[in-house]
Amino acid sequence: MSQDKFLVIGAAGQIGTVLTESLRKKHGYGNVIATDIRDGKPGDASFEKLDVMDIGRMAEVVKKHGITQIFHLAAILSAKGEAAPIPTWDINTKGLFNVLEVSREHGVAKVFFPSSIAVFGEGVPKDNTPQDAVLKPSTVYGISKVAGELWSQYYWNRYGLDVRSLRYPGVIGYQSEPGGGTTDYAVDIFHKAMAGQVYKCFLKEDTMLPMIYMDDAIRATMMLMEAPPEKLTVRTSYNVAGMSFTPAEIAQAIKKRIPDFKVVYEPDFRQAIAESWPHSIDDSQARQDWGWKPAFDMEAMTDDMIAHLQVRYAIQNC
Ligand code: AKB
């Protein structure tokens with residue numbers, strides 16, 4: 001058990017749900033305070049309702065629990081963000097500023113800020129996009145993440161606040177639902193397959209995108225946060241990768257295991273977002289600096305997703 005006290009902001013979200021559980025397994029339930037804008041379980045002393053826009057309440061929660069590390073996972077994602085650009089910018093940037101300022105003022109030692117492959121846009125090599133590629137995103141979500149990366153580096157350089165960050169690819173997991181991203185299709189497709197329904201895919205069948213399995217995403221996050229500071233050469237955000245595939249390839253992998261499964265393709269506005277992103281990511285800097293290596297490729301991920309969802313859907317159908 002560590003002496004650290006962790007605060008997870010956005011703990012009811014896709015990554016927050018699983019990260020909170022993993023941190024609690026490792027550090028003890030009471031040492032990990034879950035917060036979300038949604039209500040928690042009544043009577044749970046390790047949950048606090050928190051809106052990231054409310055800096056006063058954030059400071060109160062940090063002081064009350066003696067927080068030493070913050071994992072800030074609350075954000076509006078790429079697809080949802082395009083429906084409301086200005087509120088998305090406000091929530092994504094103000095939320096981060098509040099975390100950075102509260103951390104600086106109340107002695108929080110480390111902060112995790114999730115960035116995304118959405119920081120990339122025009123003018124980068126699409127295959128094996130390098131760590132130091134030019135950042136010209138086309139979405140408000142991507143723009144807010146580029147700004148967040150630069151502010152994270154600023155707080156490190158100016159105040160010595162130990163902010164660490166990963167550029168997550170699309171995250172695929174059975175434990176939680178994604179909420180408003182362009183890569184959400186890669187989770188939704190499994191649920192439709194398990195429910196015995198046809199999947200209407202909002203991307204074209206040959207749209208290649210970088211993805212990562214939830215287990216790997218959580219492991220990468222915890223490895224980065226536990227790495228000795230002197231090992232870290234990137235203070236904006238690290239590229240990380242798991243696998244890359246197209247909708248046709250993942251549909252085929254599911255079909256190998258569920259032969260009746262069918263997909264139809266009806267691309268919408270999310271196609272343009274996906275086409276602005278890389279096909280695959282070069283994560284050699286993360287491998288070199290803190291030993292990153294993904295464990296799941298597309299086949300291993302598909303096996304694990306179906307095995308877990310089979311149990312869930314069998315219980316639901318009882
Ligand atoms: C999204 O699709 O918006 C996210 C991301 C890649 O950051 N999953």
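Quick note: the coordinates plus some simple rules give every number you see, no bench work behind them. As the structure is a computational prediction, the values presented were derived from the model and not from experiment. Cβ placement follows ideal geometry from the backbone for every residue including glycine, while neighbour counts extend to all protein chains displayed.
So which helices (runs of 4 or more DSSP H) are wholly in region 227-318 and hold at least 1 residues that are under 27 Å from residue 196 (Cβ atoms) and free of Cβ contacts under 8 Å to residues at least 24 places away in the same chain?
Of the helices (runs of 4 or more DSSP H) lying wholly inside region 227-318, those with at least 1 residues that are under 27 Å from residue 196 (Cβ atoms) and free of Cβ contacts under 8 Å to residues at least 24 places away in the same chain span 247-257, 298-316.
Condition test on residue 19, is it of a type in the set (A, V, I, L, M) and over 19 Å from residue 97 (Cα atoms)?
Spelling it out, residue 19 is indeed of a type in the set (A, V, I, L, M) and over 19 Å from residue 97 (Cα atoms).
State the number of residues belonging to region 186-214 that are of a type outside the set (Val, Ile, Thr), closer than 18 Å to residue 252 by Cβ and within 11 Å of the ligand (Cβ to nearest atom).
4
If I filter region 147-185 down to residues being under 10 Å from residue 236 (Cα atoms) and of a type in the set (A, V, I, L, M, F, W, C), which single residue comes out as farthest from the ligand (Cβ to nearest atom)?
Here the residue is 156.
Check whether at least one residue in region 123-135 is within 18 Å of the chain's Cα centre (by Cα), within 13 Å of the ligand (Cβ to nearest atom) and touching a residue at least 40 places away in the same chain (Cβ under 8 Å), and report yes or no.
No: region 123-135 contains no residue that is within 18 Å of the chain's Cα centre (by Cα), within 13 Å of the ligand (Cβ to nearest atom) and touching a residue at least 40 places away in the same chain (Cβ under 8 Å).
Looking for whichever is of a type outside the set (Ser, Thr, Tyr) and touching a helix residue (DSSP H, G or I) at 6+ places or on another chain (Cβ under 9 Å) here; the options are 146, 124, 134. Which one fits?
So the residue among 146, 124, 134 that is of a type outside the set (Ser, Thr, Tyr) and touching a helix residue (DSSP H, G or I) at 6+ places or on another chain (Cβ under 9 Å) is 146.
Of everything in region 37-62, what is touching a residue at least 40 places away in the same chain (Cβ under 8 Å), touching a strand residue (DSSP E or B) at 6+ places or on another chain (Cβ under 7 Å) and outside any helix (DSSP H, G or I)? Give them in sequence order.
Across region 37-62, the qualifying residues are 50, 52.
Does residue 140 satisfy being within 12 Å of the ligand (Cβ to nearest atom), among the hydrophobic types (A, V, I, L, M, F, W, C) and within 19 Å of residue 89 (Cβ to Cβ)?
So residue 140 fits the description; yes.
Among residues belonging to region 80-103 that are under 18 Å from the mean Cα position of the chain (by Cα) and buried (at least 22 other Cβ atoms within 10 Å of the Cβ), point out the one that is farthest from the ligand (Cβ to nearest atom).
So the residue we want is 99.
Within region 155-181, take every residue that is under 14 Å from the mean Cα position of the chain (by Cα) and among the β-branched types (Val, Ile, Thr) and give me the one that is farthest from residue 70 (Cα to Cα).
172
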